[in-house]
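Here is the structure we will look at, set down as structure tokens.
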Amino acid sequence: MTQGNTITGTISDDGSAPPEVLAAELRLKFDYTRSVGPTIGRFLTGLRSGRVVGVRGSDGRVLVPPAEYDPVTSDPLTEFVDVADVGTVQTWSWVREPLPGQPFDRPFAWALIRLDGADTGLLHAVDVASPDDIHSGLRVRARWAAERSGGIHDIECFEPGETSTAPADSEDTAAPVTGIVTPVDLRYKHTASPQETEFLKAIADGRLLGARATDGKVYFPPRGADPRTGEPTDDYVELSDIGIVTTFCIVNVPFQGQRITPPYVAAYVLLDGTDIPFLHLVLGCAVDEVRMGMRVKAVWKPREQWSYDGLDNISHFEPTGEPDAEYDTYAHHL
């Protein structure tokens, strides 16, 4: 998701302005869903019950969190061991300015904590007021969440203390934890190369712009440098928004955040006059009608929706109704 676009530049030593380039604050956000397997599942199920579970290795050490395979022999590990929720800080790092999504909106510490009964460190947050309040060797205890669901956040954090505040024993009748959903939220700034900038400005104007390499091949989108020689690719080529399908796949599996109901087609499209296909949607016909060599044309979004978001300005491609291209004309572009 693009959060914003700006054009930036500085004055060079000779007094001339360098080519303007685009920069954008970008955000990648999604929920990552994964199965956890029997070992981590045992650990997370224990957290839901207010217990910390480790596993014993072949050398007698108790590993927390539990490892699936022995670090010495590589054999599966199956001897689970409950350890205390009180332990000792081994090493720590102070967080002066917390980031969104971190355990606190105020300064805190990350620490490796060796729980009593364990031989390895567990990474978690420690709630202390200042770096003067934490040191290696500090005794800490888990602060348990009032409502627990089977995740590492069932321990809200650790705090200085010697006495456990673990929840009273209660029978956990829920099914074992078999999967978790982890929110991913990544924000970063992307600064385009001069060639990418020209491509993005053309897209925002409703044009498709490629670039010719020294061997004569036309790349779309343009690359900042010739992949063979490393020389800048500044020989821009105006392109048609019509091309052919080289290869494709039919998406039948639904997933979280999907914008189109399956089935639909994702295809590599080779624009007329280019030598490298790119991936986009092919709609406007039944999925079983899409085929290699099919002639397709771009369907642009309404002009008021155009931006510097690259190929998102094109909604999809659809068949032109022209005869299919001969296989030999695109065989070396697969």
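Taking the condition at pLDDT 95 or above, in a loop (DSSP other than H, G, I, E, B) and surrounded by fewer than 14 Cβ atoms within 10 Å (Cβ to Cβ), does Thr73 pass?
yes
I need every pair where a residue in the stretch 53-77 that is under 23 Å from His153 (Cβ atoms) and free of Cβ contacts under 8 Å to residues at least 60 places away in the same chain has its Cβ under 9 Å from the Cβ of a residue that is surrounded by fewer than 18 Cβ atoms within 10 Å (Cβ to Cβ) and aromatic (Phe, Trp, Tyr), sequence separation at least 6 or different chains.
Here the result reads Val53/Phe80; Val55/Phe80; Pro66/Phe80, each pair linking the stretch 53-77 to a residue that is surrounded by fewer than 18 Cβ atoms within 10 Å (Cβ to Cβ) and aromatic (Phe, Trp, Tyr).
Suppose we filter Tyr327, Tyr268, Tyr264, Tyr308 for residues that are within 22 Å of Phe220 (Cα to Cα), modelled with pLDDT of 95 or more, among the hydroxyl-bearing types (Ser, Thr, Tyr) and under 29 Å from the mean Cα position of the chain (by Cα); which single one remains?
Tyr268
Residue by residue through the stretch 248-278, note down the ones that are out of contact with any Cys (no Cβ under 9 Å at 6 or more places or on another chain), open to solvent by less than 50 Å² (accessible area, probe 1.4 Å) and in a strand (DSSP E or B).
Val251, Tyr264, Val269, Leu270, Leu271, Phe278
Any residue in the stretch 38-57 that is part of a strand (DSSP E or B), charged (D, E, K, R) and more than 30 Å from Pro194 (Cα to Cα)?
Yes, the stretch 38-57 has at least one match.
Name the pairs: first residue in the stretch 292-318 and farther than 13 Å from Ile203 by Cα, second residue of a type in the set (Phe, Trp, Tyr), Cβ to Cβ under 6 Å, at least 6 apart or on different chains?
Listed pairs, sorted by first residue: Val296/Phe317.
So, in the stretch 285-305, exactly how many residues are under 23 Å from Glu326 (Cβ atoms) and open to solvent by less than 90 Å² (accessible area, probe 1.4 Å)?
The qualifying residues number 9.
List every residue pair whose Cβ atoms lie under 8 Å apart, where the two residues are 6 or more positions apart in sequence or sit on different chains, the first residue falls within the stretch 270-289 and is without any contact (Cβ under 8 Å) to a residue 60 or more places away in the chain and more than 19 Å from Ile314 (Cα to Cα), and the second residue, located anywhere, is in a loop (DSSP other than H, G, I, E, B) and among the basic types (Lys, Arg).
Asp275/Lys217
Only residues that are in contact with a helix residue (DSSP H, G or I) (Cβ under 7 Å, 6 or more places away or on another chain), in a loop (DSSP other than H, G, I, E, B), open to solvent by less than 40 Å² (accessible area, probe 1.4 Å) and in contact (Cβ under 8 Å) with a residue 12 or more places away in the chain: list them for the stretch 109-160, please.
Gly150, Gly151
Considering each of Thr178, Thr163, Thr191 in turn, give the residue that is open to solvent by 60 Å² or more (accessible area, probe 1.4 Å), among the β-branched types (Val, Ile, Thr) and closer than 26 Å to Ser35 by Cβ.
Thr178
Are any of the residues in the stretch 158-177 among the hydroxyl-bearing types (Ser, Thr, Tyr) and within 29 Å of the chain's Cα centre (by Cα)?
Taking every residue of the stretch 158-177 in turn, none turns out to be among the hydroxyl-bearing types (Ser, Thr, Tyr) and within 29 Å of the chain's Cα centre (by Cα).
For the stretch 290-334: of the residues being of a type outside the set (A, V, I, L, M) and assigned to a strand (DSSP E or B), which is nearest to Leu26 (Cα to Cα)?
Step by step, filter the stretch 290-334, then rank; the result is Ser315.
The values are calculated or read from the model by the stated rules, or taken from the named source; none is laboratory data. All figures in this text were calculated on a predicted structure; none of them were measured in a lab. Cβ coordinates were reconstructed from backbone atoms using ideal geometry, including for glycine residues, and neighbour counts include every protein chain displayed. Note: areas computed on protein heavy atoms with side chains; ligands, DNA, RNA excluded. Shrake-Rupley method; radii C 1.70, N 1.55, O 1.52, S 1.80 Å.
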